[in-house]
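Nothing in this text is a laboratory measurement; each read-out follows from the coordinates by a stated rule. This structure is a prediction, so every number in the text was calculated from the model and none was measured. Positions of Cβ are generated from backbone atoms using ideal geometry, with glycine treated the same way; all protein chains shown enter the neighbour counts.
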Amino acid sequence: MSALVSALCDRKLAGRVFDERQLGEAIGGSAARRYGLVNRALKDGSLVRIKRGTYLLGNSYRSEPVHPFAVAQALLPGGYVSFETALAYHGWIPETVYTTASVSPGRKTLEFDTLAMGRFTFQPLAIHEYRFLLSVERHKLGALVAFVASPLRALLDLVALRKQRWDGLGWLTNGLRIDEHLLLSLKHREFGSLRPVYKHKVVNDFLHSLEGAIRERRPLVS
């Protein structure tokens, strides 16, 4: 085991995403020494660079895989996983999603393509202040955690991103291939909690129409 790997394991960073500061504190020594150790570790695969200044230890030095959602959290703290990524995670859409898509707390669209963990995107949305994390849940993923939108929140984030107008349940059941029984499982309080979230009228209209369509098929319970 190299000095770098040993130092990171001693700091209990083997199963975590860590930044340049944590890496420097673990290795210690001069800048030249750190530079040499990092370069050697990157070449032999014991260290993986996710983006500049963000790293993982290689697979053989981790006791369990690092979940892409936890990597997304490290790439842009304050965001949360949503859109099709969250819908697939919750089992609401059948397709495999190869991009880890998140909502950004800032105003810029960001993208990161990584060899080790795939593609990550971060999209800003027009959300009212202090409503950013409504219906967003904290999920423990091994030793790490990530924030993930609930199914309805992820769906409405997708509506907001695409500026999708209500066109009946067909867009959901045929277009996104969401099973109707999942839509019918939504509760009245879930709709109520999301009414103050979005600034765009089209999203609020979609939410209202979806709630009405579900109520026609069965009474909404709290």
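Numbers below:
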| item | result |
| --- | --- |
| Overall Cα dimensions of the stretch 130-173 - principal axes, largest extent first, Å | 42, 27, 14 |
| Difference of contour (0.36 nm per residue) and Cα-Cα distance, residue 42 to residue 119 | 25.8 nm |
| Calculated FRET value between residue 51 and residue 165, using beta carbons and R₀ = 41 Å, to 0.05 | 0.70 |
| Computed [θ] at 222 nm, helices only, for the chain once each DSSP H run of length n ≥ 4 contributes -39500 (n - 2.57) | -11000 deg cm²/dmol |
| Cα centroid separation - the stretch 78-119 against the stretch 167-201, whole Å | 19 |
| FRET efficiency, residue 205 to residue 64 (Cβ-Cβ, R0 41 Å, nearest 0.05) | 0.40 |
| Count, lysine Cα pairs under 27 Å in the chain, 8 or more residues apart or across chains | 15 |
| Helix axis angle, 151-162 relative to the chain longest principal axis, alpha carbon, degrees | 90 |
| Restricting the stretch 26-128 to trypsin sites (Lys or Arg not before Pro) in coil, as DSSP defines it, with at most 12 other Cβ within 10 Å | 52, 107, 108 |
| Share antiparallel - DSSP beta bridges, the chain, percent rounded to 5 | 75 |
| Binned Cα-Cα distance frequencies in the stretch 1-133 - 5 Å width, integer % | 2, 10, 19, 19, 16, 13, 10, 6, 4, 1, 0 |
